[in-house]
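Accompanying notes for the structure given below.
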Amino acid sequence: MQEQIVIVGGGAGGLELATMLGRKLGRSEQAKVTLIDRNSTHLWKPLLHEVASGALDSRMEELDYRGQSARCGFEFLLGTLESVDKDNKTIQLAAIRDDRGKEVVAARSLSYDRLILAIGSVTADFGTPGVKDHSYFLDSLRQADRFHEHLLNEFLRVNKSIGEGNATKLSLAIVGGGATGVELAAELIHSVSLLSIYGLSHLDRKHFEVCLVEAKQRLLPELPERLSKLVEKKLSSLGVEVMLNNPVIEVKENTLVLGEGEPIQADLIVWAAGVRAPDIVKDWGLETRKNNQIKVNQYLQTLSDEAIYALGDCAACPIDDERWVPPRAQSAHQMAKRLYRNIVREYQLQPPKRFVYKDRGSLVSLSRYSAVGNFMQSKSLSVPLEGTLARWAYASLYRLHQRVLHGWWKMFLLLLVDKLKRAVKPRLKLH
């Protein structure tokens, strides 16, 4: 009888794992591999800040789950995980409803022999009052599209006001000095610099203010301090106001209330501080950390049930007694690769191997202006990267994701297609 392998979450780790298992075990009918996601398409999450700023048209980069499943030997189900029954090895999927609330597909129950949770993460608000009501988040494509739509409306409003002779400025505040906040700030500056090409000739960088607020003493704590300072200097040269060591204690409509100093007024507020697993995880009877991440052992099995695994941002995998595997795309990729190999080893009657996280370093893109990062060759040797070389390295991360999903030849074809699209499509998405 076929083993039922169910993967919930089609992010970087979940989709890569489903693709590899489908090709190896699904096509040969050794196992039935099922991928479940609440969306019909996949977009690599590190690209969301580009969607939000208009630098990327998401429709050009989305991958259809059903098309991928047909090519790679796994089944795709559209649905949202509602509950996990460990005793009976079943999961419950919520009913699917249309935009009018009419039920399209009733709630369903699905059996599994092996359940792999790859449900990703959401931004943590740390209980700060007003965040959910007055801020934008960039955890999903829907949220990025929503912010982009409102950003375009602000572009039109301010451009018209300036054209009528008013001393109007567009102000935007970003909370969180991690990769998302830093990359979004740079992309927004670049987007505004392109507006005149497309008829919005009054709104330029002189009329656009971006404030980046970080509670800690420096930006990008995952990078060496020298590179962190370099990023801060570069952002400042682009006109971004960087405020460090000053936490936000409350968010009001168009206002950030800080721990020290005067409140910050902003037309748009983006919250990009902190990471946690979705709150619903707490209802599944699995052992978790305070940030809802599911605790796993070195084989990526949950501590509560060896038939349930977790990988990617939702997984709390220890590196040592004090450190955990960081929630990064490279972590999800490494976890998916190790879990795939371990499952295949079981089918070959070989024991699984422990997951060992290898820090390959961190890279941060500053839009078309620059990129910085470090390449980890060993625990004691870190090679800094800046400028063009860093930008190439940053772009290669996405190409490696595409290679896992499509193979080398199709990845190179997609690279060529992207180059051609850039030659004919607008440089900024304004719809």
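What residue, of 220, 200, 195, 230, is of a type outside the set (Asp, Glu), at positive phi, at pLDDT below 95 and crowded, with 16+ Cβ neighbours inside 10 Å? Before the answer, list the steps.
On the way: 200 fails: at positive phi; 195 fails: at positive phi; 230 fails: at positive phi.
After ruling out the rest, the residue left standing is 220.
Could we say that residue 67 is open to solvent by less than 30 Å² (accessible area, probe 1.4 Å), in contact with a Cys (Cβ under 7 Å, 6 or more places away or on another chain) and either at pLDDT below 95 or not in a loop (DSSP other than H, G, I, E, B) (or both) here? When the stated conditions are applied, residue 67 does not pass them. When residue 327 is tested against the conditions (1) touching a His at 6+ places or on another chain (Cβ under 9 Å); (2) under 30 Å from residue 191 (Cα atoms), the lone failure is (1).
The residue list 272, 266 contains one member that is open to solvent by less than 10 Å² (accessible area, probe 1.4 Å) and either at pLDDT 95 or above or in contact with an Asp or Glu (Cβ under 6 Å, 6 or more places away or on another chain) (or both), which is 266. Within region 202-250, the set of residues being of a type in the set (Lys, Arg) and closer than 23 Å to residue 261 by Cβ comprises 216, 218, 229, 233. Restricted to region 106-150, and to residues there that are within 22 Å of residue 56 (Cα to Cα) and of a type in the set (Asp, Glu), the residue that is nearest to the chain's Cα centre (by Cα) is 139.
The sole residue among 341, 391, 345, 422 that is under 30 Å from residue 239 (Cα atoms) and surrounded by 12 or more Cβ atoms within 10 Å (Cβ to Cβ) is 391.
Per-residue answers, yes or no, for (1) under 13 Å from residue 74 (Cβ atoms); (2) open to solvent by 10 Å² or more (accessible area, probe 1.4 Å); (3) touching a residue at least 60 places away in the same chain (Cβ under 8 Å):
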position: 5; (1), (2), (3): yes, no, yes
position: 18; (1), (2), (3): yes, no, no
position: 23; (1), (2), (3): yes, yes, no
position: 45; (1), (2), (3): no, yes, yes
position: 50; (1), (2), (3): no, yes, yes
position: 53; (1), (2), (3): no, no, yes
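Considering only region 233-254, I want to know if a residue exists there that is β-branched (Val, Ile, Thr) and touching an Asp or Glu at 6+ places or on another chain (Cβ under 7 Å). Yes, region 233-254 contains a residue that is β-branched (Val, Ile, Thr) and touching an Asp or Glu at 6+ places or on another chain (Cβ under 7 Å). In region 158-180, the qualifying residues are those that are assigned to a helix (DSSP H, G or I) and within 30 Å of residue 126 (Cα to Cα), and the one that is nearest to the chain's Cα centre (by Cα) is 180. Listed here are the strands (runs of 3 or more DSSP E) enclosed by region 87-157 that have at least 1 residues being closer than 27 Å to residue 18 by Cβ, at pLDDT 95 or above and open to solvent by 40 Å² or more (accessible area, probe 1.4 Å): 90-93, 108-111. Scanning region 163-179 for residues that are touching a helix residue (DSSP H, G or I) at 6+ places or on another chain (Cβ under 6 Å) and open to solvent by 20 Å² or more (accessible area, probe 1.4 Å) yields 168, 169.
The values are calculated or read from the model by the stated rules, or taken from the named source; none is laboratory data. As the structure is a prediction and not an experimental result, all values here were calculated from the model. Please note: Cβ atoms are built from the backbone with ideal geometry, for glycine as well, and neighbour counts cover all protein chains shown. Heavy atoms of the whole protein, side chains included, go into the accessibility calculation; ligands, DNA and RNA do not. Shrake-Rupley method; radii C 1.70, N 1.55, O 1.52, S 1.80 Å.
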